[in-house]
Amino acid sequence: MNHKSRAARTLPVRSALAVLLLVATGCVDDPEDPTGPPPDDGGPITLAAAMAETGRHSAEGIEVARGYRLAVEILNEKGGIRGRTVQLEIRDDGSDAEASARLYAGFIASGTVDALLGPFSSPITEAVLAVTEAAGVPTVAPMAAAPSIWAERQRQWSIQLLTPGPTYLQGSVEVAVFGGAQTAAIVYENSAFPASVVEGVREAVRRHGLEIVLDRSYEIGAADHEAIAAAARDAGADLFIGGGYTADAAGFAAAAPAVGYRPVLMSLLLGPGQPRFAEAVGQAARCVAGNAPWHPAIQTAGFVADNETFVRRYEAAHGKTPGYHAAGGFAAVELMAEGLDQAISGTGGPDRAALRDFLFSARTGTIAGPYEVAPIDDAEAGAQRGLKGLQVQWQDDGAGGLALRIVHPWAAANAVPCYMR
């Protein structure tokens with residue numbers, strides 16, 4: 001289902017035309033010559049990204065950028081890539097797709113960037129990939145889960161790091177059924193990524209035999225959280241599932257007790273998996289579940305560090321436990337660095353074709369977990385196939401506070417689920 005506006009759908013086309021104009025005037029490497037001009041010497045390797053450090057996605061974007069920066073810091077402490085320092089350039093796109101596409105066109109036109117790291121959110125990433133694909137520049141997109149970005153697109157230069165959107169909350173349906181849920185309210189923001197998530201939710205609900213008693217979308221930034229929670233209450237929904245981005249997750253979690261709604265389980269997008277979620281809503285977070293592509297307790301390792309090192313260094317730098325947005329940013333740098341390590345020889349720049357081939361064929365690991373994407377000749381080339389998400393939940397920590405624990409898949413769980421009734 002395509003929920004993007006006509007204006008949003010035209011963004012990638014306008015961006016692609018802009019970058020093709022730059023190619024024609026000699027400002028961007030010709031995509032038919034993916035290796036690009038060789039650098040003058042064996043100087044630093046430069047990575048670049050535009051990120052939502054202000055605007056509606058700033059809470060998540062800042063965390064991704066922190067992950068990028070920490071990975072580059074540790075990488076350089078270990079000697080960089082083949083002895084060459086790695087430089088990172090991040091520009092603020094203000095959570096705006098068109099602005100982000102322009103920034104990436106500028107990175108490419110500069111001729112000084114060796115590879116690109118993606119922005120935050122699926123709609124912004126889609127606009128950006130129109131630019132990077134047209135220019136033939138390898139790009140790791142760590143925060144783009146909407147399957148429409150990859151399905152039947154035959155990407156040649158861009159890969160997905162996160163779990164695909166439809167898989168995000170399917171495990172929560174099984175957790176709800178385990179707790180006795182028989183009915184479901186599906187509520188979601190009318191935009192690409194949340195819509196893709198609830199497609200997977202509907203599939204899981206049908207598979208487990210739940211009755212859908214409410215299925216409602218709302219426009220971006222226009223959710224009346226208490227009115228929607230009251231509608232789910234009145235419909236008798238045992239499972240309340242869906243949402244949008246972080247602000248909506250906090251809004252729905254606070255709205256449920258405010259209107260006297262106690263579902264068996266509430267599972268929400270892009271909020272419960274973040275350490276700050278319980279700080280935002282307090283005890284209303286108790287038993288709220290959600291997706292987390294990553295968790296601080298998992299034992300993983302990548303090209304730059306193991307997960308324990310990442311968590312320890314992040315906590316030392318920022319005074320709090322990282323969430324999966326920061327982990328995704330860190331993992332994206334790990335993956336790109338491993339590819340660059342194989343695509344650089346001598347004092348020259350990276351062979352872009354070799355880097356691209358690594359990204360599309362590698363079976364490797366990062367702190368986020370296993371990595372494998374659909375190969376380059378596949379209709380869904382670049383779509384993530386190796387990483388599986390977790391269902392996490394805020395539970396009593398035994399000392400009057402709340403702790404974020406893994407409750408699904410059952411084999412990976414470090415706690416049994418708790419339920420609101």
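The values are calculated or read from the model by the stated rules, or taken from the named source; none is laboratory data. Predicted, not measured: the structure shown is a model, and the values here were computed from it. Using ideal geometry, Cβ is built from the backbone for each residue, glycine included, and neighbour counts are taken over all protein chains shown. We work out accessible area using only protein heavy atoms, side chains counted, and drop any ligands, DNA or RNA first. Shrake-Rupley method; radii C 1.70, N 1.55, O 1.52, S 1.80 Å.
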(message) Give me the extension gain from Glu308 to Glu89: residue separation times 0.36 nm, minus the current Cα-Cα distance, reported in nm with one decimal.
(response) 76.2 nm
(request) For the chain, with a Gaussian network of springs between Cα atoms less than 10 Å apart, report the residue from Gln391, Gln342, Gln156 with the top mean-square fluctuation. (result) Gln342
(request) List the longest stretch of the chain that has no exposed loop site; here a site is one of the GluC sites (Glu not before Pro) assigned by DSSP to anything other than H, G, I, E or B, with at most 16 other Cβ within 10 Å. (result) 220-371
(request) Search the structure for amide H atoms under 5 Å from the amide H of Ala297, placed 1.01 Å from N in the peptide plane, and list their residues when 5 or more places away or on another chain. (result) none
(request) Determine the sum of side-chain charges near Ala222: Lys and Arg each +1, Asp and Glu each -1, restricted to other residues whose C-beta is under 14 angstrom from that of Ala222. (result) -3
(message) Let me cross-check Phe310: its accessible surface, 1.4 Å probe, with only protein heavy atoms counted, in Å² to the nearest 10?
(response) 0
(message) Compute the angle between helix 307-318 and the longest alpha-carbon principal axis of the chain, please, reported from 0 to 90 degrees and rounded to the nearest 10.
(response) 90
(message) Full-extension gain between Lys388 and Arg82, please, as 0.36 nm times their residue separation minus the C-alpha to C-alpha distance.
(response) 107.0 nm
(request) Enter the angle in degrees (range 0 to 90, nearest 10) between the Cα long axis of helix 324-343 and the first principal axis of the Cα atoms of the chain, meaning the one along which they spread out most. (result) 30
(request) Considering only protein heavy atoms, with the full assembly of protein chains and a 1.4 angstrom probe, order Cys418, Cys287 by accessible area, largest first. (result) Cys418, Cys287
(request) Report, in degrees rounded to the nearest 10, the 0 to 90 angle that the Cα long axis of helix 352-361 makes with the longest principal axis of the chain. (result) 30
(request) With all protein chains present, calculate the accessible area of Asp378 using a 1.4 Å probe and round the result to the nearest 10 Å². (result) 40
(request) Sort out for me the Cα centre separation of region 135-180 from region 365-415, rounded to whole Å. (result) 12
(request) Distance from a point 7 Å along Cα→Cβ of Lys320 to each backbone N in region 256-272: keep the residues under 14 Å and list them by number. (result) 271-272
